[in-house]
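Q: Okay, here's the structure, questions in a sec.
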Amino acid sequence: MFGFQDGSEHNLRLPGCSRTDKNQEPHVFCVVGNRDKTLFVAVTSSIFYIYLAHPQLLLCSFRRSEEDVKERGEYRKVYWRFDSSAICFTTSKNCLLLYRLDISSDKQSFNLTEPREEHLRRTSQELFIHEKRPKTAAYLSVVARLDSPATCIVPFRDDLFVCLQDGWLHRISWGGVVDRNFSFHLFDVPFSVDQLQSKTEHVQETGTHVVDMAYAPLIGGFCVVLSNGAAALLTSPSSKFLPNELLGIWAVQLNDAVCTAANHKYRLVVYGCRNGDINAFHLDDTNGSLTHTFHVSLQVKNGPELLNRMGQVRHVECYAQGTALAAVWSPLLCDSGCANSSNTVPIVAIFSSFGAQLWCSLESPSDRSTCVASSCHWVDWGPEGFSLWLATDTGLRVLPIAHSVNSSGVVCFDKVFIKDGYQECTIFIEDLVSRIYLASQIITESTDRIIFLSSNHIYLSAAKEREQSVNAPHSIWHVLSIPNNYLSFNWPIRLVEMDDHGQWLVVAGARGFIHYNLMTCKWRMFGNESQERDMLVTGGMTIWGGHVVIACCNIDHSKEELRFYPLENQLNDQFCIRHSTTSRMLLLNRRQNKLITFDVDSCIYIFALFLEKNPKNDQSVIRMERCAEIRVQDIVPHAACVLSVEPASLNHDSQIQFCDGVDTVFINVCGRLIMLNPVKRDSIGSDSSDDDGLSRPMLIASYVEQIWHDVTDEADNIFYHKPHLTHALWLNCGAKGMKVWMPLFTARQTSDASYSSCHLFISKRIMLPFELGIAPLVICSRDCLAVGVESCPVHSDEKEFGHLPMYNLHRKSEVFLHHLLRQLLKRNLGVYALEIAATCNRLPYFGHVLELLLHNVLEEEATSSEPIPGKVNTVV
């Protein structure tokens, strides 16, 4: 999902800092954004700076006197109040410094006065800064003197959870008042391995205290790291977290933790460790224990010896939408060949939700050989993930990032993190499979586009018919600049959607939307700005029947609506077709003419869309019928934990469907893929979960980040020629690799065979794991290809810019058919392996697949203590 570099990284100068050397920048301890990531505060020993995230402007700085620094200590960490009205600093001594922020949104800063000379005046709208630039001032309001230095703080509602080095945890208001009723010592908290049966124990090691802490509201507690390396989750039956009701749940077998973060959407607790590893845990629903989810170590291609000199994890931060986490490590010394042995290479890495390494700053050999006296101390995500803010020894760095935005909060195109320098990126691929989660419709020449989104540009790959006419077809990009008139008032861009024919591109920002015609190369925007600003896209958008389908909120009337705007007409509400909904929609997806939504009440609705003609004026009218309502409150802990809702047709019983063409709904809840199926009305009872005729939900897989399902029309011959592959469900499970949920039937069985029950249908499928050497962006099931992207960094010959790499992005494919055949042979399912091989023998690389399969089988038999006899003969 992340990885394409948009421009180059840059340093933000910190004015007013004293420098011991003219070539050195001030040491920045941390940089932290407020709740909505519109403001960032960077902290040095005696000065803090408040930056606007977009455009990146310095709004305020505050410098303390040398006497005050000696008395109260140097700045160390900073924490925001939830409404951005105040910030709190810990110091190197026993003090907390609380500052009141005066942010005047009605007063703008950086106002340029036009000169009298007419030829010097601005004539282009792009030269005007339309974004809000509030005047900001900081005032010291409270100095709280403590009994011991503060190690960390967690803002909790209107209070601060302050952890001290002597083991005490206090609840302090933003006014500096300590509530003694909520104060407790770490030794007084009972700890156990679960919340039901295990015996409790207390921390008894002298000097143990909390060194890092994070609030995880959707998990129901505080993630804590102790000074002895132990990690736990502090829970309480009360939302007030009263001291006498606290219970600590140990993260078992973790004894070297140093920092922590919470992934709210996936309900994960992430711990960075002293040995440089990252571990994640989730809460077990049965007994309330912390169960290990994944463990990852930093990987460096062609340079594993570098890891032997890598230090501990300094900080880990989860992306607000849960799709990634970024981490920084203590410095790595350069090779002794460098002139200055103290020079270091900054170590930054991005991982997916379940631990797949997507990019690392040490992956490039040129990066390793470039010595820069800089190491990273802190990392935070910018707004909408369009940047990474890094606190380093040499100042404040911002890494611009381009990525795909979940095209509706639900329907995203294929998205995955890929390495590309210090950047982050997600890719929409309509090349081999049109939409992720719901893979593709029939492939057409206009659907082979890769789409990237940066903070102000959209990148499209060359069309398929033009790729053969260039020397480097996978490195050519068509760059679309989003109109400044829309971007300046509605940044950041959140959603992008392309139609099935590759002609229209729809873009939605903070308010409203615009669309682009790729044939005429023209943008179209709302002519009435008030109509644009009254629309907030909440659940996503799609394109069907020549209309843009929008799940939005009418701010002016406080109504939730599904809107249909015709693409050929002007963007105006008078041409809009509206359908009111009862609750706010969070997710929206489409399969052919079936529209599926998920709302805040944890209800799934399936609608059928019909395009008709109005007999009065001969204009197109969209008629919408509700086909099904599925209530999933019992399996969803919180509506924010639902990652995607995908309609599918697995064709296991043609007589039992939610509606025509949809017999199954997959819902991804915190990485758990759950299958929902209807049941016959006369069979509702023991096998039904409720009165809606819904079969008991079935867990298909865990740790799921992405799913692909080929929805090829059954009229297509490929549907019958490759039934095992076209009916399969492909799962990306992060660090646990890929999985495929494949049907098992032979050529004697019809591909559309009906089963008498859902259980019989499940028994005809098998889950096969396999590994890929690339991070998959899309799975083309019919060609047995996984598509990913890799980047090749190039450094300038000029010394001044030699440490800033440039990147070339290339699409890369990997065949995985031999992995599937090998897994089937391993399970004595050679009959099905031969069936699949027979359907794929016309692939141009089928001979290479057999070579890879033979190589894998020979290697396995040579290294296995109990090889399976006859496998080599079967392959041959």
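Q: List, please: which pairs have Cβ atoms under 6 Å, are six or more places apart or on different chains, and start with a residue in the stretch 57-85 that is among the small types (Gly, Ala, Ser) and end with one that is assigned to a loop (DSSP other than H, G, I, E, B)?
A: 73/92; 73/93; 84/34
Q: If you don't mind, another one. Would you check which residues across the stretch 11-60 are within 12 Å of residue 75 (Cβ to Cβ), part of a strand (DSSP E or B) and at pLDDT below 85 and list them?
A: Across the stretch 11-60, there are no qualifying residues.
Q: If you check residue 828 against the conditions, is it outside any helix (DSSP H, G or I) and either farther than 17 Å from residue 784 by Cα or touching a residue at least 12 places away in the same chain (Cβ under 8 Å) (or both)?
A: Values: outside any helix (DSSP H, G or I): yes; either farther than 17 Å from residue 784 by Cα or touching a residue at least 12 places away in the same chain (Cβ under 8 Å) (or both): yes.
Yes; evaluated as a whole, the condition is true for this residue.
Q: Does residue 149 count as within 27 Å of residue 228 (Cβ to Cβ) and not aliphatic (A, V, I, L, M)? Show your work before the answer.
A: Numbers: within 27 Å of residue 228 (Cβ to Cβ): yes; not aliphatic (A, V, I, L, M): yes.
Spelling it out, residue 149 is indeed within 27 Å of residue 228 (Cβ to Cβ) and not aliphatic (A, V, I, L, M).
Q: So, one more: From the list 850, 820, exactly one residue is at pLDDT 70 or above, closer than 23 Å to residue 702 by Cβ and of a type in the set (A, V, I, L, M, F, W, C). Which is it? Can you show your working first?
A: Numbers: 850 fails: closer than 23 Å to residue 702 by Cβ.
Selected residue: 820, the only one of 850, 820 that is at pLDDT 70 or above, closer than 23 Å to residue 702 by Cβ and of a type in the set (A, V, I, L, M, F, W, C).
Q: How many of the residues making up the stretch 583-630 are over 20 Å from residue 540 (Cβ atoms) and among the basic types (Lys, Arg)?
A: First pass over the stretch 583-630, keeping only residues over 20 Å from residue 540 (Cβ atoms): 610-621, 623, 625.
Remaining after also requiring among the basic types (Lys, Arg): 613, 616, 623.
Number satisfying all stated conditions: 3.
Q: So, residue 843, is that one modelled with pLDDT of 85 or more, closer than 20 Å to residue 768 by Cα and either in contact with a Leu (Cβ under 9 Å, 6 or more places away or on another chain) or in the same structural domain as residue 785 (by TED's automatic domain parsing) (or both) or not? Walk me through how you get there before you give the answer.
A: Values: modelled with pLDDT of 85 or more: yes; closer than 20 Å to residue 768 by Cα: no; either in contact with a Leu (Cβ under 9 Å, 6 or more places away or on another chain) or in the same structural domain as residue 785 (by TED's automatic domain parsing) (or both): yes.
Against the criterion (modelled with pLDDT of 85 or more, closer than 20 Å to residue 768 by Cα and either in contact with a Leu (Cβ under 9 Å, 6 or more places away or on another chain) or in the same structural domain as residue 785 (by TED's automatic domain parsing) (or both)), residue 843 does not qualify.
Q: I'd like to know if the stretch 471-484 contains one or more residues that are modelled with pLDDT of 90 or more and surrounded by fewer than 15 Cβ atoms within 10 Å (Cβ to Cβ).
A: Within the stretch 471-484, one or more residues are modelled with pLDDT of 90 or more and surrounded by fewer than 15 Cβ atoms within 10 Å (Cβ to Cβ).
Q: Could you please give the count of residues in the stretch 299-333 that are outside any loop (DSSP other than H, G, I, E, B) and out of contact with any Ser or Thr (no Cβ under 9 Å at 6 or more places or on another chain)? Walk me through how you get there before you give the answer.
A: The first filter runs over the stretch 299-333 and keeps only residues outside any loop (DSSP other than H, G, I, E, B), leaving 304-309, 313-318, 324-329, 332-333.
Adding the requirement that they be out of contact with any Ser or Thr (no Cβ under 9 Å at 6 or more places or on another chain) leaves 304-306, 308-309, 315, 317, 326-327.
Residues meeting the conditions: 9.
Q: Further, regarding this structure: Kindly establish whether residue 97 is in contact with a helix residue (DSSP H, G or I) (Cβ under 9 Å, 6 or more places away or on another chain) and of a type in the set (A, V, I, L, M, F, W, C).
A: Numbers: in contact with a helix residue (DSSP H, G or I) (Cβ under 9 Å, 6 or more places away or on another chain): yes; of a type in the set (A, V, I, L, M, F, W, C): yes.
Considered against the rule, which asks whether it is in contact with a helix residue (DSSP H, G or I) (Cβ under 9 Å, 6 or more places away or on another chain) and of a type in the set (A, V, I, L, M, F, W, C), residue 97 comes out as yes.
Q: Considering only the stretch 363-416, state which residues are at pLDDT 50 or above and of a type in the set (Lys, Arg).
A: 368, 397
Q: Looking at the stretch 282-298 only, could you name the residues that are touching a Ser or Thr at 6+ places or on another chain (Cβ under 6 Å) and in a strand (DSSP E or B)? Steps first, please.
A: Pass one, the stretch 282-298, residues touching a Ser or Thr at 6+ places or on another chain (Cβ under 6 Å): 282, 284.
Once the filter is applied, which keeps residues that are touching a Ser or Thr at 6+ places or on another chain (Cβ under 6 Å) and in a strand (DSSP E or B), the stretch 282-298 yields only 282.
Q: So which of 628, 639, 648 ends up being under 32 Å from the mean Cα position of the chain (by Cα) and touching a residue at least 60 places away in the same chain (Cβ under 8 Å)? Walk me through it before giving the result.
A: Values: 628 fails: touching a residue at least 60 places away in the same chain (Cβ under 8 Å); 639 fails: touching a residue at least 60 places away in the same chain (Cβ under 8 Å).
Testing whether each residue is under 32 Å from the mean Cα position of the chain (by Cα) and touching a residue at least 60 places away in the same chain (Cβ under 8 Å) leaves just 648.
Q: Is it true that some residue in the stretch 589-598 is charged (D, E, K, R), out of contact with any strand residue (DSSP E or B) (no Cβ under 7 Å at 6 or more places or on another chain) and touching a residue at least 12 places away in the same chain (Cβ under 8 Å)? Show your work before the answer.
A: Step one: list which residues in the stretch 589-598 are charged (D, E, K, R), which gives 590-591, 594.
Filter again for out of contact with any strand residue (DSSP E or B) (no Cβ under 7 Å at 6 or more places or on another chain), leaving none.
Checking the stretch 589-598: not a single residue is charged (D, E, K, R), out of contact with any strand residue (DSSP E or B) (no Cβ under 7 Å at 6 or more places or on another chain) and touching a residue at least 12 places away in the same chain (Cβ under 8 Å).
Q: Report whether or not residue 142 is β-branched (Val, Ile, Thr), farther than 26 Å from residue 292 by Cα, in contact (Cβ under 8 Å) with a residue 40 or more places away in the chain and touching a Gly at 6+ places or on another chain (Cβ under 6 Å).
A: Details: β-branched (Val, Ile, Thr): yes; farther than 26 Å from residue 292 by Cα: yes; in contact (Cβ under 8 Å) with a residue 40 or more places away in the chain: yes; touching a Gly at 6+ places or on another chain (Cβ under 6 Å): yes.
Yes, satisfied.
The values are calculated or read from the model by the stated rules, or taken from the named source; none is laboratory data. What you see is a predicted model; the values in this text were computed from it and never measured. Positions of Cβ are generated from backbone atoms using ideal geometry, with glycine treated the same way; all protein chains shown enter the neighbour counts.
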